[in-house]
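Read the structure below first, then the notes.
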Amino acid sequence: MERSQNGERRRNLSSSSATGFHSNPTRTTRSSNNFRPGNAPNHSNNYHPVRNRRSNQDREGEAEKVIVGTCPFMCPEEERLQRQRLRDLAVFERLNGNPRESSPTLAVKKVPNFLLNYCSIYFNIFCRTISAQSVQRSDVRPLPVLEETLNYLLDLMDSAEHPFEVVHDFVFDRTRSIRQDLSMQNIVNDKVVIHMYEKMVKFHVVSHHKLRGSRSSSSNSSMHYLNREQLTKTLTSLYNLYEANRSSNSVYENEAEFRSLYVLLHLDSSGQPMGESLSLWFRNLPTPIVKSKEMCFARRVLRYFRMGNYRRFFCTAAEVSYIQYCIIEPYIDEVRAFALACINKCGYQLHPYPLTHLSKLLMMEESKVELFCNSCGLETSMDEVGNKVLPTKQASFCHPKGGSQRYSFLGLEQFDR
């Protein structure tokens, strides 16, 4: 009898583990008691030998326990003192450069090491557990402190004293800690939280752009991948917050621009950024968002990119905002290379293509066009008047390597500074 029960339990466990899950950034819960930013998948129907022993009353009681932070500093004092003893202070946290001394105005709470791997999938479930069992109120920062901490971190992005990779690594970890504290306190129904998530999304978008220019080492490549991962997670949490706080068919001031980022992330042909097709995603958007200029821009860019219509792609891209540019910038040179391939293959051999015309078509400075042609394996020459031209029908064309020089978009040079 006991053996048959054990066999039945093993079958239940295997069937539940094979169920799998899919994230849906647009399905949210409007009840503030159940919602957490960065929603994890719902595994309540899956078998768990410990969780299933608890009564429904115990689970409901735990869900109602929402911690209210009382820490007045950017980092809890106990953590700061411990990290001082362990010399675990980032360069931005050291008082006068001393690796064993910090202050409440410099130290910023870290993501606990035991949480780093686990919270990526079961973030809300785990945060609920630790908030009820092990985390003290004095270790959690209330909303005003979290907002002040985020502003302090984002001000470091303008620092010229340290390489961007160093700044990014520090801000990357500490913003995750901010999201953790927000989740444990279930702070949802507040416009301040939405603005904070918008700032954190912008941080990851700008980092996505800047890290791409420094992916020479494997560590930087890994940093770029992790940043892209956190970008999609933070963006999903922001979309959930929009929905949880929506009244009737209203939209938030910056919602259209941040929603457009989801469409632009589909420029990457490696897969859907958040596991949901665009056609299904658009069905759940409010009409004002779908008709907004930011969303229309993103849809046109994606359409022309997929069609290979490089002329309209460049004309449309000239209307881009800064955070949208940070997403589409890697694909501009890809479209430029495609345009060169078409001109080289389809042009008349007896009529070379003037670089002045190519400069206007590719939205590049004329001085950079020749370098770009060379990076694509094409040679330029001079015509009888002395103008530089691109001879067509060259068999040496090749796509530029991934780590090659970056070229600014004509009229948008300020975005690359």
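The length gained on full extension between ASN387 and HIS351, counted as 0.36 nm times the residue separation minus their Cα-Cα distance, comes to 11.7 nm. Points 7 angstrom from Cα along the Cβ direction at ARG246 and ALA341: gap in nanometres? The answer from the label model is 3.9 nm. Fully extending the segment from PHE397 to THR105, taken as 0.36 nm per residue of separation minus the present Cα-Cα distance, adds 99.5 nm. Evaluate E = 1/(1 + (r/R0)^6) for ASN151 and LYS360, where r is the Cβ-Cβ distance and R0 equals 60 Å; express this FRET efficiency to the nearest 0.05. Calculated value: 0.90. Taken one residue at a time, the phi angles of the stretch 197-206 give Karplus couplings (6.51, -1.76, 1.60, θ = phi - 60°) of 5, 4, 5, 6, 5, 4, 4, 5, 5, 5 Hz. Gly and Pro are set to x.
Read-outs throughout are calculated quantities, based only on the coordinates presented, and are distinct from any laboratory measurement. Just so it is clear, the model here is predicted, and its values are computed rather than measured. All Cβ positions, glycine included, derive from the backbone under ideal geometry; neighbour counts span all protein chains shown.
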